Amino acid sequence: MNINVEKNNESVTLKLEGRMDTTTAPMLEKEINALPEDTKDLILDMNALEYVSSAGLRVLLAAQKKMNELGTMKLIGVCDAVMEVFEMTGFADILVIE
Amino acid sequence: MTEKIFPADTDALEDVLGFIETELEKADCPVKNITMISVAIEEVFVNVAHYAYPDGTGDVKIEFDFDENERTVMLRISDKGIPFDPLNKPDPDITLSAQQRQIGGLGIFITKKTMDNVSYRYENGENILTMTKKI
C-alpha cells in the first residue's frame with residue numbers, strides 16, 4: 001500500500017493506494033500516530049484503495065477515536081468491496097463516509 | 001482441486017492471496033467477489049499464523065475447488081496446530097459506537113458473513129476449516 005500525505009493548515013489528507021491488509025495496515029497506523037497535534041480534520045482518500053480486511057478496520061477505528069477528540073475524520077472514494085466490509089461490520093455507522 | 005502449502009506466517013499472506021486470486025480469476029469470478037473471498041481467506045490464514053503454532057512455526061494447507069455447474073467455490077484451510085475452533089467465538093456487537101467498539105472478533109465474523117457456508121472440524125490432528133461461496 002502507498003500513502004500520500006497532503007497537509008493543508010489543520011487539515012490532513014491521506015491518500016491510500018493499493019490494499020490495506022494485515023501486513024500493510026501498520027503503515028496507516030504509523031501515519032495516524034504521526035499526525036501533527038494541531039490536526040483538526042483528517043480526510044482518508046480511498047479512491048485508489050481496493051481492499052480492506054479486519055486489520056485495516058482496527059486502524060480505522062483507532063483513527064476515528066483519535067479524531068473524535070481532535071476534530072473530524074471522513075472517508076472519500078470508498079469502492080464497493082470496501083463498502084461491503086464496512087456495512088457488514090457496522091463500520092459504515094461509525095465512520096463518516098462521503 | 002488445487003492445493004498449496006504455505007508457512008503459517010503473515011509474511012506468506014501475499015503469496016496466499018496471490019494463489020487464491022489466480023484460481024478465482026481462472027473461474028471467471030467477478031472482481032468484487034474476488035476481493036470479498038480474499039478478505040475471508042486472509043482472516044482465517046492470519047488467525048492460524050498467529051495462534052496455531054505457539055511454540056514455533058508450522059504449515060497451512062489451502063485447498064481450492066470450483067464446481068462449474070453450481071458455480072461454487074470451495075476453500076479448505078487446514079493446519080496441524082493446537083486444536084482451535086474459530087467459529088466458537090461470539091460475534092462482536094456491531095451496533096456499538098466507536099468509543100464502545102472492541103477490537104477483537106471481527107476477522108472470523110467477516111468470514112462468516114462473506115462466505116455462504118463455513119464449517120470446522122478437528123480430525124486426525126488437523127484443524128480443518130471449510131468454506132464455500134457461489135460466485
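A single entry from B:Glu70, B:Glu42 fulfils the requirement of being on the phi < 0 side of the Ramachandran plot, loosely packed, with under 13 Cβ neighbours inside 10 Å and not polar (S, T, N, Q): B:Glu70. Every condition in (1) exposed (fewer than 14 other Cβ atoms within 10 Å of the Cβ); (2) assigned to a helix (DSSP H, G or I) is met by B:Ile5 except one, and the failing one is (2).
Candidates in region A:51-71 are the residues that are within 7 Å of chain B (Cβ to nearest Cβ) and over 10 Å from A:Ala25 (Cβ atoms); of these, the one that is most open to solvent (accessible area, probe 1.4 Å) is A:Asn68. Of the residues making up region B:109-119, those that are assigned to a helix (DSSP H, G or I) and free of Cβ contacts under 8 Å to residues at least 40 places away in the same chain are B:Phe109, B:Lys112, B:Lys113. One residue stands out among those in region B:98-108 that are more than 7 Å from chain A (Cβ to nearest Cβ) and free of Cβ contacts under 8 Å to residues at least 40 places away in the same chain: the one that is least open to solvent (accessible area, probe 1.4 Å), which is B:Gly105.
Remark: pairs (first residue in region A:77-94, facing chain B (nearest Cβ under 8 Å) and over 18 Å from A:Arg19 (Cβ atoms); second residue crowded, with 17+ Cβ neighbours inside 10 Å and among the aliphatic types (A, V, I, L, M); Cβ separation under 6 Å; 6+ apart in sequence or on different chains) = A:Gly90/B:Ile94; A:Ile94/B:Ala98.
Residues that are of a type in the set (Lys, Arg), open to solvent by 10 Å² or more (accessible area, probe 1.4 Å) and assigned to a strand (DSSP E or B) do not occur anywhere in region A:36-45.
Evaluate the following for B:Ile82: is it open to solvent by less than 90 Å² (accessible area, probe 1.4 Å) and either in contact with a His (Cβ under 7 Å, 6 or more places away or on another chain) or under 29 Å from A:Glu87 (Cα atoms) (or both)? No: the conditions fail for B:Ile82.
The residues of region A:5-22 that are without any contact (Cβ under 8 Å) to a residue 24 or more places away in the chain and either assigned to a loop (DSSP other than H, G, I, E, B) or under 13 Å from the mean Cα position of the chain (by Cα) (or both) amount to a single one, A:Asn9.
If you go through region B:73-90 and keep only what is within 14 Å of chain A (Cβ to nearest Cβ) and either modelled with pLDDT of 90 or more or not in a loop (DSSP other than H, G, I, E, B) (or both), you end up with just B:Pro86.
For region B:13-27, a tally of residues being out of contact with any helix residue (DSSP H, G or I) (no Cβ under 7 Å at 6 or more places or on another chain), within 14 Å of chain A (Cβ to nearest Cβ) and either open to solvent by 100 Å² or more (accessible area, probe 1.4 Å) or in contact (Cβ under 8 Å) with a residue 40 or more places away in the chain (or both) returns 1. Within region B:28-39, the residues that satisfy the criterion of being touching a helix residue (DSSP H, G or I) at 6+ places or on another chain (Cβ under 7 Å) and facing chain A (nearest Cβ under 9 Å) are B:Lys32, B:Ile34, B:Thr35, B:Met36, B:Ser38, B:Val39. Going by the conditions given, is B:Thr57 crowded, with 22+ Cβ neighbours inside 10 Å, among the β-branched types (Val, Ile, Thr) and out of contact with any Gly (no Cβ under 9 Å at 6 or more places or on another chain)? Taking the combined requirement at face value, the residue does not satisfy it.
The values are calculated or read from the model by the stated rules, or taken from the named source; none is laboratory data. What you see is a predicted model; the values in this text were computed from it and never measured. A quick note on method: Cβ atoms are made from the backbone with ideal geometry, for glycine too, and the neighbour counts reach across all protein chains shown. Note: accessible area is taken over every heavy atom of the protein model, side chains too, but ligands, DNA and RNA are not part of it. Shrake-Rupley method; radii C 1.70, N 1.55, O 1.52, S 1.80 Å.
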